[in-house]
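Undergrad: Dropping the structure in here first, questions after.
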Amino acid sequence: GENVEQHPSTLSVQEGDSAVIKCTYSDSASNYFPWYKQELGKRPQLIIDIRSNVGEKKDQRIAVTLNKTAKHFSLHITETQPEDSAVYFCAARKTNTDKLIFGTGTRLQVFP
Amino acid sequence: EAGVAQSPRYKIIEKRQSVAFWCNPISGHATLYWYQQILGQGPKLLIQFQNNGVVDDSQLPKDRFSAERLKGVDSTLKIQPAKLEDSAVYLCASSFALAGELDTQYFGPGTRLTVL
């Protein structure tokens, strides 16, 4: 069935360093890949997304890359700040459905 | 604009009791979703509505879970009777687009359910 794997489960970086989170998906019909940030006790919030017809998208310190052939996509955060500390979830959506399949999450800790 | 509203924020019940959660989506959003998020996992879709109709309820445990969106706006999710494994955060999300169209899903703050 549909599956999204996410790695690593935890990531600790020093403030100013870069962080990379990787996800792989199983369904080649997936066409939309959002990333959500969830702070402790709060709602998931969309931070960036990418569609299958694009290989890379950037928004200030955040970028996402997509490799359709390998069926994986990655989140890149540069110049990390303590307020980037949260759990990050990737997700994949299959063409012509609204169903998002989420990864298991990555807990990012940025130390000052 | 106001976000997705949910209530209550927290609920503690004993197993075999019933519980109901309420969601008010962002105004004008046609599609509404209920997700279950077990601690340490990503959200899992339970049911999707477009207006007052069900689009996808394939992952809803229908022997104990039910949901409705009678007037196409607010929605309620009910569990009857609850089991210990139902302990989770129940997230409501909404999107402006109709089912099948690509659009951002906006999440509510969730209801944290603890079943003792």
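Values in this text are rule-based calculations from the coordinates and carry no lab data. Computed from a predicted structure; not experimentally measured. Glycine also receives a Cβ, built like all others from the backbone with ideal geometry; neighbour counts cover every protein chain displayed.
Undergrad: Of the conditions (1) within 11 Å of chain A (Cβ to nearest Cβ); (2) not in a loop (DSSP other than H, G, I, E, B), B:S66 satisfies every one except a single condition; which number is it?
TA: (1)
Undergrad: In the set A:K22, A:K42, which member is within 12 Å of the chain's Cα centre (by Cα), surrounded by fewer than 18 Cβ atoms within 10 Å (Cβ to Cβ) and without any contact (Cβ under 8 Å) to a residue 60 or more places away in the chain? Give the steps one after another, and end with the answer.
TA: Working: A:K42 fails: within 12 Å of the chain's Cα centre (by Cα).
The conditions single out A:K22.
Undergrad: Residues that are under 16 Å from B:L113 (Cβ atoms) and of a type in the set (A, V, I, L, M): list the strands (runs of 3 or more DSSP E) wholly contained in segment B:1-41 that include at least 1 such residues. Show your work before the answer.
TA: Working: elements: B:5-7, B:10-13, B:19-24, B:31-37.
Once the strands (runs of 3 or more DSSP E) in segment B:1-41 are filtered for at least 1 residues that are under 16 Å from B:L113 (Cβ atoms) and of a type in the set (A, V, I, L, M), what remains is B:10-13, B:19-24.
Undergrad: Within the group B:D63, B:D103, which residue is closer than 19 Å to A:I47 by Cα and of a type in the set (D, E, K, R)?
TA: Step by step, each of B:D63, B:D103 is checked, and only B:D103 is closer than 19 Å to A:I47 by Cα and of a type in the set (D, E, K, R).
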